1. All but one of (1) in a strand (DSSP E or B); (2) free of Cβ contacts under 8 Å to residues at least 40 places away in the same chain; (3) hydrophobic (A, V, I, L, M, F, W, C) hold for residue 81, so report the exception by its number.
2. Give the residue that is surrounded by the most Cβ atoms within 10 Å (Cβ to Cβ), with candidates limited to residues of region 73-100 that are charged (D, E, K, R) and modelled with pLDDT under 80.
3. Given the condition over 21 Å from residue 98 (Cα atoms) and either at pLDDT below 95 or surrounded by 15 or more Cβ atoms within 10 Å (Cβ to Cβ) (or both), answer yes or no: does some residue in region 21-43 qualify?
4. Are any residues in region 25-44 assigned to a strand (DSSP E or B) and within 16 Å of the chain's Cα centre (by Cα), and if so, which ones?
5. List pairs: first residue in region 38-63 and on the phi < 0 side of the Ramachandran plot, second residue surrounded by fewer than 14 Cβ atoms within 10 Å (Cβ to Cβ) and part of a strand (DSSP E or B) anywhere in the structure, Cβ distance under 8 angstrom, at least six positions apart or on different chains.
6. Considering region 45-72 alone, what residues qualify as being of a type in the set (A, V, I, L, M, F, W, C), closer than 19 Å to residue 8 by Cα and in a strand (DSSP E or B)?
7. How many residues are among the polar types (S, T, N, Q) and modelled with pLDDT of 90 or more when one looks only at region 44-57?
Amino acid sequence: MPLSVPERLAANCRKTPERAAWLGRLSSALESLERRWSLTLGAPFEGEDVSCAWVAPVSLADGTSAVLKLGMPHMEGEHELQGLRFWNGDPTVRLLEADDELGAPATISATAPAPSRQIEAAIQGVAETGERMACQRGYGIEHGIPARPNLRK
């Protein structure tokens, strides 16, 4: 099946050489994760909110539904895995698998039955929500989650 890339994500990837290279590796990265994590990939989420990650529903080998997110390199996603690991599902999605070596976050998160737009919004907003809550609760830097200055308020 040919790789489908949401238009806003593709447009953002054309903005820098690093992102363009990431987009060029996306298909092989997805194939590798599909094999390694025994996934069945669904079609990626589409829409104007899909601008910085390839996000799609997946089925795990045991039939569990989840969401795979493979983020393009960008500032807001830089510490996403650290935030997801720290929060461990409260108040964010629960991280089931992660890959630190792809040059950008690759995660599988647990989902509850919900419309795909709600799942997409939850996955896309994890990094900023985790950073903001870490700062508000004073956890950020002490737990390896450096926050951007504009989130410290």
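1. Here residue 81 clears every test but (1).
2. The first filter runs over region 73-100 and keeps only residues charged (D, E, K, R), leaving 76, 78, 80, 85, 90, 94, 97, 99-100.
Keeping just the survivors that are modelled with pLDDT under 80 gives 76, 78, 80, 85, 90, 94, 100.
Working: 76: 16, 78: 16, 80: 26, 85: 16, 90: 7, 94: 14, 100: 10.
Here the residue is 80.
3. Restricting attention to region 21-43, the residues satisfying the condition of being over 21 Å from residue 98 (Cα atoms) are none.
No: region 21-43 contains no residue that is over 21 Å from residue 98 (Cα atoms) and either at pLDDT below 95 or surrounded by 15 or more Cβ atoms within 10 Å (Cβ to Cβ) (or both).
4. We begin by selecting, within region 25-44, every residue assigned to a strand (DSSP E or B); these are 40-41.
Within region 25-44, 41 is the sole residue that qualifies.
5. Matching pairs, first to second residue: 58/40; 59/40.
6. Initially, region 45-72 is screened for residues of a type in the set (A, V, I, L, M, F, W, C), giving 45, 50, 52-56, 58, 60-61, 66-68, 70, 72.
Narrowing further to those that are closer than 19 Å to residue 8 by Cα: 45, 50, 52-56, 68, 70, 72.
Hits for region 45-72 are 53, 54, 55, 56, 68, 70.
7. Quick first cut of region 44-57, residues among the polar types (S, T, N, Q) only: 51.
Checking which are modelled with pLDDT of 90 or more leaves us with none.
Total satisfying the criteria: 0.
The values are calculated or read from the model by the stated rules, or taken from the named source; none is laboratory data. Please read all numbers here as calculations on a predicted model, not as lab measurements. Note: ideal-geometry Cβ built from the backbone for every residue, glycine included; neighbour counts use all protein chains shown.
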